Ligand SMILES: Cc1cc2nc3c(=O)[nH]c(=O)nc-3n(C[C@H](O)[C@H](O)[C@H](O)COP(=O)(O)O)c2cc1C
């Protein structure tokens, strides 16, 4: 599964995992990608393998998760919400390419089990549940492109592709509270509306937009 569209279309939030361990070679690949992300972004993502407590594998009724024993702690500095979204989604699609399923989680995990792994000054934003899903998940309901972007007769194809990719992205409670438009000087402006985690969502959908539109075709307005 190499094509980025295939990867974006195959990604769905998975909350029920089977017992299959993540192979050491795969864990190493993830750790390397996390190292690259942290070096590039200044964020503090951390991979945790075989730690059932954060999702209480012994209590499958906690949240709607079961069997999750691996996750990535998505930490950074205060106000890094959008950056966490952008780089976290890069990691989600990297994991998907390696055949692993994921779910962004802001609320339904055991925060007290994760907090001790934070360094001084680090802020915990979300965790990324990770592993082999019992199923690959299902596509989310989606808004139509004209509800999340300014699209007219002269709108270039690359912009439409960017919006299509953004609509495939995960957003908190599937809210899709974002809007893309081309500015008067030909750049792309992306905006988040008020909503839970909507700044993190903005980073996530901007990462998808870049993949769909092609980074060489446009510049961000801000
Ligand atoms: C920032 C963020 C936080 C999320 N937090 C949770 C959560 O606490 N619990 C949960 O079950 N799902 C959570 N989700 C998953 C969303 O519900 C899911 O992405 C959305 O419904 C779209 O479905 P999809 O990911 O399958 O496309 C979160 C997603 C994002 C992007």
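The values are calculated or read from the model by the stated rules, or taken from the named source; none is laboratory data. Keep in mind it's a predicted model, so treat the numbers as computed, not measured. Because the Cβ atoms are built from the backbone with ideal geometry, glycine has one as well, and the counts that use them run over all protein chains shown.
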Expected output for the range 24-45 (first residue exposed (fewer than 12 other Cβ atoms within 10 Å of the Cβ), partner not in a helix (DSSP H, G or I), Cβ below 9 Å, 6+ apart or cross-chain) is 24/49
Does residue 157 qualify as being out of contact with any helix residue (DSSP H, G or I) (no Cβ under 8 Å at 6 or more places or on another chain) and more than 30 Å from residue 48 (Cα to Cα)? yes
Residue 10 being within 16 Å of the ligand (Cβ to nearest atom), touching a strand residue (DSSP E or B) at 6+ places or on another chain (Cβ under 8 Å) and either at pLDDT below 95 or farther than 14 Å from residue 130 by Cα (or both): no
Give the residues of the range 1-38 that are closer than 21 Å to residue 74 by Cβ and part of a loop (DSSP other than H, G, I, E, B), sorted by residue number. 11, 12, 14, 15, 22
Residue 127: modelled with pLDDT of 95 or more, in contact with a strand residue (DSSP E or B) (Cβ under 6 Å, 6 or more places away or on another chain) and not assigned by TED's automatic domain parsing to the domain that holds residue 197, yes or no? yes
Is there a residue in the range 72-94 that is surrounded by fewer than 17 Cβ atoms within 10 Å (Cβ to Cβ) and within 13 Å of the ligand (Cβ to nearest atom)? no
Residue 41: at pLDDT 95 or above and either away from the ligand (no atom under 14 Å from the Cβ) or more than 14 Å from residue 126 (Cβ to Cβ) (or both), yes or no? yes
Are there strands (runs of 3 or more DSSP E) fully within the range 100-184 with at least 2 residues that are in contact (Cβ under 8 Å) with a residue 60 or more places away in the chain? List them. 101-105, 123-131
Go through the range 111-137 residue by residue and tally those that are surrounded by 14 or more Cβ atoms within 10 Å (Cβ to Cβ) and more than 12 Å from the ligand (Cβ to nearest atom). 11
Looking only at the range 185-212, filter to residues that are in a loop (DSSP other than H, G, I, E, B) and within 15 Å of the ligand (Cβ to nearest atom); which one of those is surrounded by the most Cβ atoms within 10 Å (Cβ to Cβ)? 197
Any pair with Cβ under 6 angstrom, 6 or more apart, that starts in the range 77-90 at a residue that is assigned by TED's automatic domain parsing to the domain that holds residue 106 and within 18 Å of residue 39 (Cβ to Cβ) and ends at one that is within 13 Å of the ligand (Cβ to nearest atom) and outside any helix (DSSP H, G or I): 84/74; 84/125; 88/74
